[in-house]
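**Q** Provided herewith is a single structure, encoded as structure tokens, for subsequent inquiry.
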Amino acid sequence: MAPITAAMTERRSERRYATTATRWQPEALLRPGIPVVVLNISAHGVLFESAVRLRPGVRTEIQIVQEDRRTSVRGHLVRCQVFGLGPLRYRGVLMFDEVVDIDLPHQEKPEKG
């Protein structure tokens, strides 16, 4: 009998960035004051982890911090699922209503010569 092989298809429509690759801090607040940890972010949404269960379909906003400024971005929760049991953790996705500038740090080019 031949082995079963599953082909993995990339479904992402755009690149996602870990907060370590951006100027954004991983700690954020989801309205109404729920602390979350941003795992990755794109121009259209954010994947986060939380200790609080959230309902998909709910409209909310996330406050994210970039160095010295705080930005609030509105959107809707598209999913939330249990990620860990000890302690109980959830992972959720918030799709933004507007496109967000990820603001990647500029990479220095090596000098020629």
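The values are calculated or read from the model by the stated rules, or taken from the named source; none is laboratory data. The structure displayed is predicted, hence computed values, not measured ones. Backbone-built Cβ (ideal geometry, glycine too); neighbour counts: all protein chains shown.
**Q** Tell me, yes or no, whether the range 74-87 has at least one residue that is surrounded by fewer than 16 Cβ atoms within 10 Å (Cβ to Cβ) and touching a Pro at 6+ places or on another chain (Cβ under 7 Å).
**A** yes
**Q** Turning to a different aspect of this structure: What's the number of the condition residue 32 fails, among (1) assigned to a loop (DSSP other than H, G, I, E, B); (2) within 15 Å of residue 81 (Cα to Cα)?
**A** Unmet for residue 32, out of (1) assigned to a loop (DSSP other than H, G, I, E, B); (2) within 15 Å of residue 81 (Cα to Cα): (2).
Every residue, every condition in (1) in contact with a Phe, Trp or Tyr (Cβ under 7 Å, 6 or more places away or on another chain); (2) in a loop (DSSP other than H, G, I, E, B); (3) on the phi > 0 side of the Ramachandran plot; (4) modelled with pLDDT of 85 or more, yes or no:
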{"position": "11", "(1), (2), (3), (4)": "no, yes, no, no"}
{"position": "14", "(1), (2), (3), (4)": "no, yes, no, no"}
{"position": "39", "(1), (2), (3), (4)": "yes, no, no, yes"}
{"position": "43", "(1), (2), (3), (4)": "no, yes, no, yes"}
{"position": "46", "(1), (2), (3), (4)": "no, no, no, yes"}
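**Q** Also, quick follow-up: Out of curiosity, is residue 58 surrounded by 11 or more Cβ atoms within 10 Å (Cβ to Cβ), within 16 Å of the chain's Cα centre (by Cα) and of a type in the set (Val, Ile, Thr)?
**A** Values: surrounded by 11 or more Cβ atoms within 10 Å (Cβ to Cβ): yes; within 16 Å of the chain's Cα centre (by Cα): no; of a type in the set (Val, Ile, Thr): yes.
For residue 58, the condition - surrounded by 11 or more Cβ atoms within 10 Å (Cβ to Cβ), within 16 Å of the chain's Cα centre (by Cα) and of a type in the set (Val, Ile, Thr) - is not met.
**Q** Quick one: how many residues across the range 48-64 are touching a residue at least 40 places away in the same chain (Cβ under 8 Å) and either assigned to a loop (DSSP other than H, G, I, E, B) or of a type in the set (Asp, Glu) (or both)? Give the derivation first.
**A** Step one: list which residues in the range 48-64 are touching a residue at least 40 places away in the same chain (Cβ under 8 Å), which gives 48-50, 64.
Okay, now just the ones that are also either assigned to a loop (DSSP other than H, G, I, E, B) or of a type in the set (Asp, Glu) (or both), so 49.
Looking only at that region, the number is 1.
**Q** Looking at (1) over 13 Å from residue 19 (Cα atoms); (2) in contact (Cβ under 8 Å) with a residue 40 or more places away in the chain; (3) among the acidic types (Asp, Glu), which is the only condition residue 67 fails?
**A** Residue 67 satisfies every listed condition except (1).
**Q** Residue under question is residue 84, and the condition is that it be out of contact with any helix residue (DSSP H, G or I) (no Cβ under 8 Å at 6 or more places or on another chain), assigned to a strand (DSSP E or B) and modelled with pLDDT of 95 or more; does it hold?
**A** Details: out of contact with any helix residue (DSSP H, G or I) (no Cβ under 8 Å at 6 or more places or on another chain): yes; assigned to a strand (DSSP E or B): yes; modelled with pLDDT of 95 or more: no.
No, not satisfied.
**Q** Quick check on my filter: what residues within the range 17-29 are modelled with pLDDT under 90 and either acidic (Asp, Glu) or not in a strand (DSSP E or B) (or both)?
**A** 18, 19, 20, 21, 22, 23
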